[in-house]
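Here's the structure, in structure tokens; my notes come after.
What follows draws every value from the coordinates through simple rules; no lab data is involved. Because the structure is predicted, anything quoted here is derived from the model rather than measured. Positions of Cβ are generated from backbone atoms using ideal geometry, with glycine treated the same way; all protein chains shown enter the neighbour counts.
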């Protein structure tokens, strides 16, 4: 166990040393994705290169639970922003190929010096890459299906449960007074019936809101707080923020705001 840990640390140090070369090779492998990196960052605040280093670190160090959790977070983020799945598949396969290129280099550099078992590593690495892919696609599909159901049957199913105490309520499209009235009734009912401790209210799909809708939404947040539920606001658009400022409105200090849904998932998935 100690020997395996030391080996993973040595390999990680090798990858850290050649990080720039790794990124260059990765972009070379990801022919179609490399031109979409900035756009994906803009759409969903998803940093593909930084996330690739995370995935590689979890794979090398055998951190399977962290790898699965990160795959879940990524799956939900990609589903939320409807980013093309072919990009993710190409990117992960590029990570796999690049990872093996550098493991081969490590093997050549340390041959007969560290006792590196290349064939044993092959099984472990490929299994972990497949684990990441499987968990990503399962969570992408599950969350996407939940979103579609929630959007089609708003009155019956408003929030998407993430775990026993955390739910996401994504608002997409136009929100008028009638819809916020439905939201109020169903949100408070769900918070009570499902014992939701944390409600992540994602507004990234809302380009603008009328002042009366903003007022109503703030009342809903106050209502959930009275029931012991903490509300996290994500994805507030600049237009909505400007309107709130002009109206002299602000959320209760206890209501937390985060830039993106992915930020909230990073913080609250482990709850």
Review point. Under a GNM of the chain (C-alpha, springs under 10 Å), which listed residue has the highest mean-square fluctuation: 30, 77, 109?
Key: 109
Practice item. Can you grab the distance from the C-alpha centre of region 39-81 to the C-alpha centre of region 218-236, Å, no decimals? Key: 28 Å
Exercise for review: Return the distance in nm (one decimal) between the two label points of a simple spin-label model at residue 137 and residue 84, each offset 7 Å from Cα along Cα→Cβ.
Suggested key: 1.8 nm
Exercise for review: Provide the convex hull volume over Cα atoms per residue for region 177-271, in Å³.
Suggested key: 94 Å³
**Study point:** Cα-based convex hull, region 8-102, per residue volume (Å³, whole number)
**Key:** 86 Å³
Exercise for review: At 7 Å along the Cα-to-beta-carbon direction for both residue 127 and residue 20, put a label point, then send me their distance in nm to one decimal.
Suggested key: 3.7 nm
Check your understanding: In degrees from 0 to 90, rounded to the nearest 10, what is the angle of the helix 48-60 Cα long axis to the longest principal axis of the chain?
Key -> 60 degrees
Study note, to complete from the structure: For the chain, the longest principal axis of the Cα atoms and the Cα long axis of helix 19-29 enclose an angle in degrees, to the nearest 10, of 80 degrees
Practice item. Along Cα→Cβ, 7 Å out, is where each label goes; now give me the distance between the ones at residue 225 and residue 193 in nm to one decimal. Key: 2.6 nm
Practice item. For residue 97 and residue 54, compute 0.36 nm times the residue count separating them, minus their Cα-Cα distance, and round to one decimal in nm. Key: 13.9 nm
Point to revise | Two-site FRET efficiency, residue 164 against residue 246, from Cβ-Cβ distance with R₀ of 41 Å, rounded to 0.05 | key: 0.55
Review point. In which sequence would 102, 136 go, from the one with the fewest C-beta neighbours within 10 Å to the one with the most?
Key: 102, 136
Check your understanding: Hey, what number do you get for the chain at 222 nm if only DSSP H runs of n ≥ 4 count, each worth -39500 (n - 2.57), divided across all residues, to the nearest 500?
Key -> -21500 deg cm²/dmol
